[in-house]
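Okay, structure first, notes after.
Only the coordinates and a few stated rules stand behind these numbers; no lab work does. Not measured: the values here are computed from a predicted model. Here the Cβ positions follow ideal geometry from the backbone for every residue, glycine too, while neighbour counts run over all protein chains shown.
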């Protein structure tokens, strides 16, 4: 078992191996719980490697990009220089440093896996996911109210209208799409035009992919306030608001309460 007692060590190691092989393009997951070797994976096995480890996977651009993203996310979460932190031994890191770094690593892996899962769901399920997230963030009033609002507007560039607060004093216009390619400026312009047609001042555009530089610049320059949420941000928000994830363990760090002993 893992030291936390939350899962068998073997299952944990297999899970990490699966993640790494998928990120290297050697495995694919056509549907939930099913994994299939890719042509690249077959080609690698045909070479008869003595073992497949991280050094082996580093030959693939996708895996190197994955490692770079993971290091970046870990640094953001922990304010730790990633390369230095990876190289430091346990003798030079405090237990708190090690725990923080491990948390950041697990968090970044979860974000990647969660985004991949979100990309595989149906449009109807994705709509429900967006509702759950917005309600979890405090928007939309009740889930029933939000469910009626999302996907019901029928406007060309708008998927739904949701309350900004429970009283409905203001509303936010939403477009949420499961896109594979980069969302460009034309799509954001179309959304902005739809907002102007509704005399709306606020909008949220959610995608499972990314935005082009031109799209981001356009959204920042117009008078209408448009928030762009890309796939990585979407996954992070889902984790923060417990949508599509569950807690498997919690650790409390405690220290001596000096104030308690002052009157001794």
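When ranked by the protection proxy of mean other Cβ atoms within 10 Å per residue, highest first, what sequence do the peptides 46-54, 96-104 form?
On the way: 46-54: 8.9, 96-104: 15.2.
Descending mean neighbour count gives 96-104, 46-54.
Please report Rg over Rh for region 208-264, where both radii come from the alpha carbon positions and Rh follows the Kirkwood definition.
1.36
Rg(Cα) of region 1-59 divided by 2.2 N^0.38 Å?
That ratio works out to 1.27.
Hey, could you grab the Kirkwood Rh for region 160-264? Inverse mean 1/r over distinct alpha carbon pairs, Å, one decimal.
16.6 Å is the Kirkwood radius here.
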